[in-house]
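Structure first, then comments.
The values are calculated or read from the model by the stated rules, or taken from the named source; none is laboratory data. Bear in mind that the values here come from a model prediction, so they are computed numbers and not experimental data. Here the Cβ is made from the backbone with ideal geometry for all residues, glycine too, and neighbour counts use every protein chain on show.
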Amino acid sequence: MKKILSIAIATFIYTAVPAQFISNLIVNAQPPAQLSEWGNRREVLTLIITAPGAIAGPFKLKTEIKTLDGTVIASADLAKTPVFTPNSTGTTILVANDAMPLEYMMFTGKYKTSLQRTGKLPADNYTICVRPVRPTDYGPLGEEQCKNFYLATTQLPILLKPYNEETLDAKKAQTAIIFRWTPVVPTQTSPVTYRLQVFEVLPTQSPVQALRSNQPLLDKEILAATQYIWQPQLPFTAYDDETKKLPTFIWTIQSLDKAGLPVTQTDGSGEGRSEPLIFFVQPDKNKKPIKDN
């Protein structure tokens, strides 16, 4: 009798409790920093859900992003996330847009601020955890699967040529000025557009004032290249007879992603500009300097 009762209880439990899904989470160890780029790319995140036997019940995904010390910085709003149903094969393959729908992820504190301002989380190590749950009461339908990933710090280009405070010969500069810089590191998932800007620094200005207030003499976007040859055709002369101050210029590189947005935030302005450098041009001695009135 006891044996029959035990079998009956086991049968009741088996039929009352949904079978557990088997999950396999695959995450790129160093995915794109821009979370919106995770999208539908399986090489970034793939979640394989297997329904044992003939189980085909619906489920939701409880997703959390944590720091390595276990602090939860983002969690899925289960009241809004979609419901999934295993397909006829019993195996369902999902990607980042399914497992981590950004519109339904609730971020906290500085992580929310960073994501809103730049589309990225601060550079750091993180853990993403995903578990299938019941759509009704969010009870677990399988083991939680977790994977670590790292969001790298983006290093903006370093300006190489003209180097800081280099003096160029006027005749050569009129023909061509070669600008060189290092690429954005690490390599981005899409080609970077480098916006090269050159500003003239007037005698009454500091270089930073010129950068912020003057119209650029050169404003050129260069796709996926780290060199540009400028042919300015400018009459490089001294500003006045007394000071013989050399014409002064400041140049910088702004690094942009495929959407035309800065690849990283450098300061409160979030412009993604490299540290600017200045250079001088030695006037052509055969040309008369311009006098101030």
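Total residues in the range 111-151 satisfying the condition of being modelled with pLDDT under 95 and among the polar types (S, T, N, Q): the figure is 5. Of all residue pairs spaced 6 or more apart or on separate chains, those with beta-carbon atoms under 9 Å, a first member in the range 224-248 that is at positive phi and a second member that is part of a loop (DSSP other than H, G, I, E, B) and at pLDDT 80 or above are ALA224/PRO183; ALA224/PRO191; ALA224/VAL192; LYS244/PRO283.
Per this entry, ARG117 is not counted among residues that are over 19 Å from the mean Cα position of the chain (by Cα), of a type in the set (Lys, Arg) and in the same structural domain as GLU37 (by TED's automatic domain parsing). Condition first: of a type in the set (Lys, Arg) and in the same structural domain as LYS258 (by TED's automatic domain parsing). Can you find one or more residues in the range 127-134 that meet it? No, the range 127-134 has no match at all.
Considered as a group, the residues in the range 171-189 that are out of contact with any helix residue (DSSP H, G or I) (no Cβ under 8 Å at 6 or more places or on another chain) and in a loop (DSSP other than H, G, I, E, B) include one that is surrounded by the most Cβ atoms within 10 Å (Cβ to Cβ), and that residue is VAL184.
Residue-level check: of (1) under 30 Å from GLN231 (Cβ atoms); (2) hydroxyl-bearing (Ser, Thr, Tyr); (3) surrounded by 17 or more Cβ atoms within 10 Å (Cβ to Cβ), THR167 misses just (3). Take the conditions (1) assigned to a loop (DSSP other than H, G, I, E, B); (2) under 20 Å from the mean Cα position of the chain (by Cα); LYS245 misses just one of them, which is (2). If the condition is being modelled with pLDDT of 65 or more and among the polar types (S, T, N, Q), then the range 235-293 contributes THR237, THR248, THR252, GLN254, SER255, THR264, SER274, GLN282.
Screening the candidates LYS80, LYS110, LYS60 for the property of being surrounded by 14 or more Cβ atoms within 10 Å (Cβ to Cβ) and charged (D, E, K, R) yields one hit, LYS60.
Confirm whether GLN215 is out of contact with any strand residue (DSSP E or B) (no Cβ under 7 Å at 6 or more places or on another chain) and surrounded by 17 or more Cβ atoms within 10 Å (Cβ to Cβ).
Answer is no for this residue.
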